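Structure record follows, encoded as structure tokens.
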Amino acid sequence: MVEFGLGGKVAIVTGASQGIGEAIAVAFAQAGARVVVSSRKLESIAKVAQEIESAGGQAIAIQAHMGYMDQVKSLVAQTLDKWERVDIIVNNAGTNPHFGPILTADEGQFEKILDINLKGYFRLAQAVVPQMKEQGGGKIINVASIAGLRPPHKMGVYGISKAGDIMLTQVLARELGPYNIQVNAIAPGIVQTKFSRALWEDAELMARHEANVPLRRIGTPEDVTGAALYLASSASDWVTGTVLVVDGGANLISMV
Ligand SMILES: NC(=O)c1ccc[n+]([C@@H]2O[C@H](COP(=O)([O-])OP(=O)(O)OC[C@H]3O[C@@H](n4cnc5c(N)ncnc54)[C@H](OP(=O)(O)O)[C@@H]3O)[C@@H](O)[C@H]2O)c1
């Protein structure tokens, strides 16, 4: 029987106060992992951790801003203080302060998007890999986007950051494979969260999108959890450097 369970594993999920990250944290706990729920807002992540515990899972909340290496290192250190290992990280914290043609983005917005969406993923990988090497392996999952595969509508800088996440995934997969660390990406299509509100609140754009996307709907955060569970579990032990597209088939059609 292929093993999809996460019993005995410790996982850090960033951006887990809401949306896709929260759904992944809950799913990992249900699969038996001890889960570190992280984001900038302690109150929100404490609530998620509490809900996991109330449902019989194991979780703690650790606050960290992914733009600061000292906070990222402290996230790993606090996890080790509590549970003495880290088997899985899910780089998921993301932001997009610019919506419009790419040349209307200012330098500050460009820097912020790359700093969190791309360098933030690099920071956590750099902070955690020595521990994974010592343990003899690990799983790194980077939440990218189909916006990193084809040029997105009015989200150009964001698309560049997500294309960067995909290349970061492939570079790390190549370099860390010999240490039994698998590094993979998930590329979701439009998932209904606060983050994508500008898209799903645009009724005309949604009508066009849902009429064309093969599975005829946008996603829920829970639609992404199966891919994350697969890439976190030993079922994917011979899979590295891949990009698992989870988008209802949206990437098969022309962009809206
Ligand atoms: N929704 C979509 O359609 C979609 C599609 C493809 C890919 N994605 C990707 O999926 C990931 C999650 O997106 P989502 O839709 O679930 O978004 P969301 O609901 O807005 O959640 C974003 C999460 O990131 C955290 N965060 C933001 N900036 C942070 C920072 N500097 N440091 C630490 N945490 C930070 C937020 O928590 P705090 O505010 O508490 O810090 C929140 O938990 C992102 O990487 C996004 O690019 C989303």
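Of note:
- Legend: ranking of residues Asp223, Asp81, Asp165 from fewest to most surrounding C-beta atoms inside 10 Å; resulting order Asp81, Asp223, Asp165.
- Helical contribution to [θ] at 222 nm, DSSP H n ≥ 4, -39,500 (n - 2.57), averaged over the chain, rounded to 500: -13000 deg cm²/dmol
- For the pair segment 10-70 and segment 199-233, the centres of their Cα atoms are 22 angstrom apart.
- Counting neighbouring Cβ atoms within 10 Å and putting the fewest first, the residues Val239, Val183 line up as Val239, Val183.
- Length released on extending from Arg217 to Ser54, taking residue separation times 0.36 nm less the Cα-Cα span: 55.5 nm
- Of the peptides 198-209, 118-129, the ranking by mean beta-carbon count within 10 Å, highest at the top, reads 118-129, 198-209.
Rule-based calculations on the coordinates, nothing more; no lab input. Computed from a predicted structure; not experimentally measured. Quick reminder, even Gly has a Cβ in these numbers, built from the backbone with ideal geometry, and neighbours come from all protein chains shown.
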